[in-house]
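> Please see the structure below; I have some questions.
The values are calculated or read from the model by the stated rules, or taken from the named source; none is laboratory data. All figures in this text were calculated on a predicted structure; none of them were measured in a lab. Every residue, glycine as well, gets a Cβ built from its backbone with ideal geometry; the counts of neighbours run over all protein chains shown. Quick note on the areas: whole protein, heavy atoms, side chains included, nothing else; ligands and nucleic acids left out. Shrake-Rupley method; radii C 1.70, N 1.55, O 1.52, S 1.80 Å.
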Amino acid sequence: MDSHEFAKKVQKRVAEFCKGLDDNLPAYSYIPLTTDDMRIKVMQSRLFNEVRAAEVFGSWLKTTPELEVKAILAEAIYEEFVHAEYLSEALKSKGAVPYDYKPVPAQMAMFNGFEALTTTCERIAAFPFAGEGVADYLIGKSLEAGTVPEWVTGPYQKIHDDEEEHGNYPFELLVKYATSPETQDRVVRAVEMSLMLRRQYFDNLDRWVYEDSWS
């Protein structure tokens, strides 16, 4: 399949997953939450994601052959820590300890799955394309809802603005590099893995936020 047509097909799959969340938005989106205690839990979990994302990008650097992708990963590492600082300051403003958090099991599995991927297209497809695509979609929903408190939306508006500045670089990288049937198959599998683990993470987080249990 032509790589541009293929990237559009994968983009459509991620968009369908995002739309499927609309009728029952996860706690991750902040929108269903009714107390600051709940919001603090979600923000602590999402703060963990920022730092863990930087670690994953760093683990990929040495084995990424394309210099332009190395540069993108290096920039992303710095940006994840900037985003972590936004969330850390918001949590401190509510009297919370930012890093007083243990990741739920599916969250651990999701990042370990990303870290284990071995090719550039798989990595880009699973994490910046699918994973961060879903995350930014839900950030957008929370900013538009009008019901999420400003102490939450403030840092996420800055994160959302940062993501918009990057344009659609994961899509462009797939167009450039996902040109063979074998690579395209790897991309499809990586995206499905990412979405499956993301869904399980959302379910684990919901149970922890609402029931104080992830099992």
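> Looking at segment 31-59, which of its residues are in a loop (DSSP other than H, G, I, E, B), touching a residue at least 24 places away in the same chain (Cβ under 8 Å) and surrounded by fewer than 20 Cβ atoms within 10 Å (Cβ to Cβ)?
The one that is in a loop (DSSP other than H, G, I, E, B), touching a residue at least 24 places away in the same chain (Cβ under 8 Å) and surrounded by fewer than 20 Cβ atoms within 10 Å (Cβ to Cβ): I31.
> Now, a different point. Would you call Y177 of a type in the set (S, T, Y), closer than 24 Å to E16 by Cβ and either open to solvent by 60 Å² or more (accessible area, probe 1.4 Å) or modelled with pLDDT of 95 or more (or both)?
Criteria met by Y177.
> Are any residues in segment 153-209 part of a helix (DSSP H, G or I) and touching a Cys at 6+ places or on another chain (Cβ under 9 Å), and if so, which ones?
The answer is L173, L174, Y177, T183, Q184, R186, V187, A190.
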